[in-house]
Amino acid sequence: ELKEIVFVIQSQSISFHSKRAEDLKRDILKQAADIGKELPTVLLIHEMDGHEGAWTILPLMKDFSVTYGRNSSWIFFCEEDTRIQVVKLLETLGRFDGSKEWFLGKALYDEESTIIHHYAFAENPTAFKFPDFAAGWALSIPLVTKLAKKLKSEPLKSDFTIDLKHEIALYIWQKGEGPHLTPVPEFCTDDVSSYKADHCATTFSSFLPLCGEPVKKEDVFIAVKTCQKFHGDRILVVKQTWEREAALIEYYSDYADISIPTIDLGIPNTDRGHCGKTFAILERFLNHSSPRTPWLVIVDDDTLISIFRLRKLLSCYDPNEPVFLGERYGYGLGTGGYSYITGGGGMVFSRIAVQKLLASKCRCYSMDAPDDMVLGMCFSGLGIPVTHSPLFHQARPMDYPKGYLSHQIPISFHKHWNIDPVKVYFTWLAPNAEESLNGKKVGYNREDL
């Protein structure tokens, strides 16, 4: 029965995302009403009080087990851009015995072992499957109850949440004692209008959001963090690739080099962390850039980014809201903790977010503290949520499953290690004449990079 499925939408509180999640909730309930079924429960993760780490899902298992353990059969998770054919989903779940432990989804796997997953399954990385959240995924209630018990007696091993879909699959599998992911062909990420979508219970609707005109070039200020030893190679790559897309760009270093030009902020270079430098950049943006420039982007000198696509994405956000946007990681979320935007993929701030942050007096506890984590801690203390976009990437294209990247028009990648960064940029990120204005997927000639 439809009422035995609890739908959980992996929503976010900022207005653009919460509206999309509400639209999906309405659509699910309307489909249920149209087929004359008793309405199912539809939950939005950002509305679940008391869980800073609700987006990591495992902390919710106890609540799910207690609240829905008796009258439900399945918890079905989806993203705000997942589109659901309710009748087909009912048929699909009906093929599985809900009284047994099931973990269902569209399978992703690593082609080779990757740093994102701490080189797990190095001997045969393709053997371990984990779910593509965009297609939706499901847990049977007996498995939810088992996980709730396990979490009570055995907390999560790592303090960090880096790739949630992989970490959840690992926790469920628990070295072979729990179920593997069962691939379900009806859970799809094809575009909703694709001819391939006929057999699908789920499809995916957005490869790159666009909400009206892209923001103007002059509305985005780009700050590149660098240091003298990388002026000759990494900055050269920026100039050969994405610098031409930026109207306002400054390079911040420990040495003023007029040939680039770089700006010496008076902050000595640190081997790691860069917190002092990042906060100096935030102060400079507030005090020296035009107050009419609503957006700041801070990137590393080895970040590859499409400013062209970022301007499309930013059309969806209200610069009057405190926006802190990028790829979200978590620290210590099982025990309070906070979420943060990982720096290498690029950190995007609305001016109002920078104003609130600097007015708060929250600062680095040392000059070489990890800047992205300190920012996450500060914004968490201010009650400003970080906003996640899967289009920003902390690693290189080959560090992600091909199936995961296939339904994205990516905005950034990071690191030059063992790649030709110029080639990666022109293959994955350069504005493309075919790139349609409505954000649909386009054909890329992407070699195996």
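Place +1 on the Cβ of every Lys and Arg and -1 on the Cβ of every Asp and Glu in the stretch 2-204, take the dipole about the Cα centre, and give the residue among 170, 67, 31 whose Cα lies farthest towards its positive end. Most positive-ward Cα: 67. Averaged over its residues, the chain has an accessible area of 43 Å² per residue, based on protein heavy atoms and a 1.4 Å probe. With bins 10 Å wide beginning at 0, the percent of Cα pairs of the stretch 250-308 falling in each bin runs 19, 51, 29, 1.
Computed from the C-beta positions of residue 1 and residue 193 and an R0 of 45 Å, the FRET efficiency is 0.90 to the nearest 0.05. Each peptide among 22-29, 135-142, 38-45, 326-333 gets the average number of other Cβ atoms lying within 10 Å of its residues, and from highest to lowest they stand as 135-142, 326-333, 38-45, 22-29. Ligands, DNA and RNA excluded, the heavy atoms of residue 275 present near 0 Å² of accessible surface to a 1.4 Å solvent probe.
Tell me the net charge near residue 231. Cut-off is 13 Å between Cβ atoms, residue 231 excluded, with +1 for each Lys or Arg and -1 for each Asp or Glu. Display every interim value, and only then the final one.
Numbers: positive: 225, 229, 234, 239; negative: 233, 254, 257, 264, 301, 302.
Computed value for this residue: -2.
What percent antiparallel are the DSSP beta bridges of the chain, to the nearest 5? Display every interim value, and only then the final one.
Details: 28 of 58 bridges.
Given both bridge residues lie in the chain, the antiparallel proportion sits at roughly 50 percent.
From a point 7 Å beyond the Cα of residue 256 in the direction of its Cβ, which residues of the stretch 270-313 have a backbone N at a distance under 16 Å? In the stretch 270-313, the label zone of residue 256 (backbone N under 16 Å from the point 7 Å along Cα→Cβ) covers no residue. Of the trypsin sites (Lys or Arg not before Pro) found in the stretch 362-423, those that fall in a DSSP loop while having at most 16 other beta-carbon atoms within 10 Å are 363.
Starting from the Cα-Cα distance between residue 158 and residue 13, subtract it from 0.36 nm times their residue separation and give me the gain in nm to one decimal.
Working: separation 145, 0.36 × 145 = 52.20 nm, distance 2.60 nm.
Length gained, residue 158 through residue 13: 49.6 nm.
Using a probe of 1.4 Å on the protein chains alone, the accessible area found for residue 46 is around 60 Å². Scanning residues 5 or more positions from residue 387 or on other chains, those with amide H under 5 Å from its amide H are 324, 325, 326, with H placed 1.01 Å from N in the peptide plane. In this view, the solvent-accessible surface of residue 388, computed with a 1.4 Å probe and all protein chains in place, comes to about 50 Å².
Per-residue packing, averaged as other Cβ atoms within 10 Å, sorts the ranges 52-59, 75-82, 317-324 into the order 75-82, 52-59, 317-324, beginning with the highest.
Ligands, DNA and RNA left out, the 1.4 Å accessible surface of the chain is 52% carbon and sulfur atoms. Take the Cβ atoms of residue 368 and residue 47, set R0 to 25 Å, and the FRET efficiency comes out at 0.10.
When the Cα convex hull of the stretch 2-204 is projected onto planes of every orientation, the mean area is 11.8 nm². For a quick check of your reading of the filter: which trypsin sites (Lys or Arg not before Pro) in the stretch 239-327 sit in a DSSP loop and have no more than 14 other Cβ atoms within 10 Å? The qualifying sites are 272, 292. Of all DSSP-defined beta bridges confined to the stretch 2-204, some 45% are antiparallel rather than parallel.
The label-point distance for residue 229 and residue 111, in a model that sets each label 7 Å from Cα toward Cβ, rounds to 3.1 nm. The peptide list 168-175, 3-10, put in order of mean Cβ contacts within 10 Å with the highest first, becomes 3-10, 168-175.
Based on the alpha-carbon gyration tensor of the stretch 1-87 and its eigenvalue square roots a ≥ b ≥ c, which shape applies: rounded if a/c is under 1.5, prolate if not and a/b is larger than b/c, or oblate? Before the final figure, lay out the partial values.
Values: a/c = 2.33, a/b = 1.14, b/c = 2.04.
Since a/c reaches 1.5 but b/c is at least a/b, the shape of the stretch 1-87 is classed as oblate.
Full extension of the chain segment joining residue 244 with residue 402 gains 54.0 nm, where the gain is 0.36 nm per residue of separation less the Cα-Cα distance. Charges were assigned to the Cβ only: +1 to each Lys and Arg, -1 to each Asp and Glu. The resulting dipole of the stretch 217-429 about its Cα centre is roughly 380 debye. In this simple spin-label model, placing a label point 7 Å from the Cα along the Cα-to-Cβ direction at both residue 120 and residue 432 gives a separation of 3.0 nm.
The values are calculated or read from the model by the stated rules, or taken from the named source; none is laboratory data. If you're wondering where the values come from, they're calculated on a predicted model, not measured in any experiment. Don't worry about glycine lacking a Cβ; one is built from the backbone with ideal geometry, like all the others, and counts go over all protein chains shown. Heavy atoms of the whole protein, side chains included, go into the accessibility calculation; ligands, DNA and RNA do not. Shrake-Rupley method; radii C 1.70, N 1.55, O 1.52, S 1.80 Å.
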